[in-house]
1. Tally time: how many residues in the stretch B:233-270 are under 24 Å from residue B:371 (Cα atoms), at pLDDT 85 or above and touching a Gly at 6+ places or on another chain (Cβ under 8 Å)?
2. Considering the stretch A:123-155 alone, what residues qualify as being touching a residue at least 60 places away in the same chain (Cβ under 8 Å) and either among the hydrophobic types (A, V, I, L, M, F, W, C) or in a loop (DSSP other than H, G, I, E, B) (or both)?
3. For residue A:116, which of the numbered conditions (1) within 18 Å of the chain's Cα centre (by Cα); (2) away from every other protein chain (no Cβ under 12 Å) fails to hold?
4. Could you give every pair whose Cβ atoms fall below 7 Å, whose first residue belongs to the stretch A:36-59 and is away from chain B (no Cβ under 13 Å), and whose second residue is part of a loop (DSSP other than H, G, I, E, B) and open to solvent by 20 Å² or more (accessible area, probe 1.4 Å), counting only separations of at least 6 or pairs across chains?
5. Select from the stretch B:207-224 the residues that are in a strand (DSSP E or B) and either of a type in the set (D, E, K, R) or open to solvent by 20 Å² or more (accessible area, probe 1.4 Å) (or both) and list them in ascending order.
6. Evaluate the stretch B:179-201: report whether one residue or more is closer than 16 Å to residue B:65 by Cβ and assigned to a strand (DSSP E or B).
7. For the stretch B:3-23, does any single residue satisfy the condition of being part of a loop (DSSP other than H, G, I, E, B), in contact with a Gly (Cβ under 7 Å, 6 or more places away or on another chain) and either on the phi > 0 side of the Ramachandran plot or not aliphatic (A, V, I, L, M) (or both)?
8. Quick test of your reading of the structure: residue B:204 fulfils all but one of (1) assigned to a helix (DSSP H, G or I); (2) farther than 24 Å from residue B:88 by Cβ. Name the failing condition by number.
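The values are calculated or read from the model by the stated rules, or taken from the named source; none is laboratory data. Because the structure is a prediction, the values reported are computed rather than measured. Counting neighbours? That spans all protein chains shown, and the Cβs are built from the backbone with ideal geometry, glycine included. For accessibility, only protein heavy atoms count, side chains too; no ligands or nucleic acids. Shrake-Rupley method; radii C 1.70, N 1.55, O 1.52, S 1.80 Å.
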Amino acid sequence: MNDAVLTATGLTKTYVSGDRRIAVLRGVDLVVAPGESVAIRGESGSGKSTLLNLFSGLDAPDSGAIQWGAEPPAAARRAAYLGMVFQSFYLIPELDALQNVLMAARMIRPPGGGERARARDLLARVGLGERSGHLPAQLSGGERQRVAVARALMNSPRLLLADEPTGNLDEHTGDAVVELLLTLGRETGTALVLVTHNAAHAAKANRSLFLHDGVLR
Amino acid sequence: MPWFLYLALKQLFPTGRKFPFFTAISMLGVALGVAVLVIVTSVMGGFGYEIRRMIVQTEGEVQVKGRGLIEDVGGLLATVRGTPGVAGATPYVEGPVGILAANRPAFPLMKGIDVSSVGTVANLSRFVRRGSLDDLDDDSVILSWETAQQLGASVGSRIAIYSPLLFEKLNQDEVFLPRQFRVAGWFEIGHQHLDNSLVFCTLRTAQDLYGLGQSVHGLNVRLQPGVDEITGATRLNQVLPNGVAALPWTQKWESFLWVLNLEKTINFFLLLFIVIIAAFSVMSSLLISVVRKTREIGLLGALGASRRDVALCFCAQAFIIGTAGTAVGLGLGFTALAFRKEIVRGIASALQRQDTLRQFYQFTELPSHTLMSDLILTVVMAIVISTLAGLLPAWRAARLKPVEALRSE
């Protein structure tokens with residue numbers, strides 16, 4: 001099982017709201033193989049984002065275990081092991097597209113010529129080669145999300161987590177972004193966990209799972 | 001460059017975008033504080049520097065004084081002049097006198113100088129504005145500018161000098177008539193204390209007015225270049241006879257210099273509050289930045305940033321604001337110092353108070369002398385205080401949990 005990029009075993013997560021205890025996850029198991037794409041669908045509030053936060057190590061489960069490869073999640077490994085794409089892009093407004101992509105590399109070490117060349121190449125592959133010097137405010141929603149995808153892939157991560165990456169995009173642009181994620185994932189051998197509402201997008205993944213009542217099926 | 005420093009610089013000085021308003025305000029606050037500190041410490045330093053220059057130029061670096069009168073003037077002069085490090089020595093007599101000119105009185109300090117040797121210690125000629133030191137003889141005096149103004153006397157005027165000997169003689173039922181003198185000139189040293197109430201006369205005149213015979217009150221000593229006043233006084237004290245001691249000028253003027261230094265220190269700490277207030281501005285603008293950039297802080301966590309690095313990003317911003325503000329403040333301060341005379345004249349002229357300024361100000365020109373130690377203290381304090389102001393925002397940013405930060409609206 002050490003070959004798996006992500007291994008989740010018996011994950012539970014409960015939120016307390018006043019006197020109420022809301023069990024969001026009730027024993028989630030998932031194994032993601034290298035280069036595999038897994039789509040997770042579910043209703044709003046079903047715990048999809050919570051699950052992704054647990055996978056990313058940004059949040060801790062009440063019980064259960066997660067492993068990135070053979071080791072548990074660690075903040076120090078996150079930059080190199082994980083790439084993340086969010087619904088709201090989260091680009092840094094003061095940095096142009098190229099520098100936003102390079103920001104991922106900066107988390108590991110100050111970027112050199114090799115990193116810059118890779119960042120330009122990634123921007124070219126997401127169709128923004130000519131717009132690398134543009135600030136996020138000068139880009140459309142779809143372009144911003146493509147910059148975020150390039151950033152997520154900058155450090156050649158083993159696992160890409162995408163949390164409703166098409167949520168703020170129109171249908172056409174959303175389709176293009178999902179296609180981009182799947183294509184780049186295949187090309188780079190990066191495993192993808194895609195959280196989405198969209199059944200058509202989920203259908204393009206190797207596996208499509210549904211989170212319901214705190215259990216992944 | 002580590003990412004937190006790179007991002008701090010980019011957030012403060014973004015390329016292709018307008019200079020952030022809050023950054024500009026914070027930087028300006030620090031700059032104003034530093035500028036005021038530089039101006040005040042330099043001007044206060046200027047007072048000390050000018051006082052040293054004037055005292056040394058009029059009295060020499062060391063004074064030799066006895067417990068009483070010095071009678072063997074020739075012997076003492078020979079001893080002092082033969083001491084290593086001494087460039088020159090001249091005897092003096094000093095004490096208060098009363099002056100009357102056309103029914104206008106003045107009570108200045110009279111200083112009797114040995115015209116033949118005073119040039120080896122003090123270059124008094126450069127302070128004489130009307131008349132000449134060469135015209136000074138036993139029947140003439142040279143008045144300070146303020147004393148001349150007070151008496152309404154000009155070069156060639158006749159004045160009467162009453163010495164304290166008058167009172168001594170009156171006690172013995174004798175009448176001691178005042179002596180008539182011609183005003184040979186007037187001088188301006190540039191220090192209000194000296195210009196306000198000082199009269200130069202010959203040593204013999206002063207000895208006569210005080211009834212000292214051939215005795216003097218002391219010697220003014222000029223040291224060779226490179227010999228400081230402490231070393232010079234120490235060497236002299238090793239060779240001087242009992243009952244006679246050498247005092248460095250800093251000891252004679254110790255109280256005045258202490259007050260001057262105290263004023264400077266108090267001013268520094270009071271004005272440091274401008275920097276402290278500016279630091280609160282730095283803190284509040286960075287706190288606003290933490291709130292505005294909550295989701296970006298969450299993103300940094302998602303990208304793999306440690307809490308320590310997130311905190312360092314905000315500390316670095318405070319440090320950069322402090323450093324840039326200090327640099328701008330130094331520029332502002334030194335520019336203001338370069339144009340200080342014009343600024344003071346402009347203010348005095350606008351308020352029609354040129355005469356008041358001259359009357360009450362210590363110097364006729366605003367002095368400035370920047371000590372490197374003052375400059376270093378100002379720069380270090382400004383940067384340290386500004387950087388400390390970044391600690392609270394840095395702590396707030398580091399405490400944010402990425403998951404919650406990313407979810408925030």
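1. Within the stretch B:233-270, residues that are under 24 Å from residue B:371 (Cα atoms), at pLDDT 85 or above and touching a Gly at 6+ places or on another chain (Cβ under 8 Å) number 2.
2. First pass over the stretch A:123-155, keeping only residues touching a residue at least 60 places away in the same chain (Cβ under 8 Å): A:145, A:148-149, A:151-155.
Residues satisfying the conditions are A:148, A:149, A:152, A:153, A:154, A:155.
3. Only one criterion in (1) within 18 Å of the chain's Cα centre (by Cα); (2) away from every other protein chain (no Cβ under 12 Å) is unmet by residue A:116, namely (1).
4. Pairs that qualify, where the first residue is away from chain B (no Cβ under 13 Å) and the partner is part of a loop (DSSP other than H, G, I, E, B) and open to solvent by 20 Å² or more (accessible area, probe 1.4 Å), are A:36/A:206; A:37/A:206; A:38/A:206; A:41/A:197.
5. So the first thing to find is which residues in the stretch B:207-224 are in a strand (DSSP E or B), and the list is B:216-223.
Listed by number, the residues that qualify are B:217, B:222.
6. Taking the stretch B:179-201 and keeping what is closer than 16 Å to residue B:65 by Cβ, we get none.
No, there is no match, as no residue in the stretch B:179-201 is closer than 16 Å to residue B:65 by Cβ and assigned to a strand (DSSP E or B).
7. First, pick out the residues of the stretch B:3-23 that are part of a loop (DSSP other than H, G, I, E, B): B:13-20.
Within this subset, residues satisfying the condition of being in contact with a Gly (Cβ under 7 Å, 6 or more places away or on another chain) are none.
Scanning the stretch B:3-23 turns up no residue that is part of a loop (DSSP other than H, G, I, E, B), in contact with a Gly (Cβ under 7 Å, 6 or more places away or on another chain) and either on the phi > 0 side of the Ramachandran plot or not aliphatic (A, V, I, L, M) (or both).
8. Of (1) assigned to a helix (DSSP H, G or I); (2) farther than 24 Å from residue B:88 by Cβ, only one is false for residue B:204: (2).
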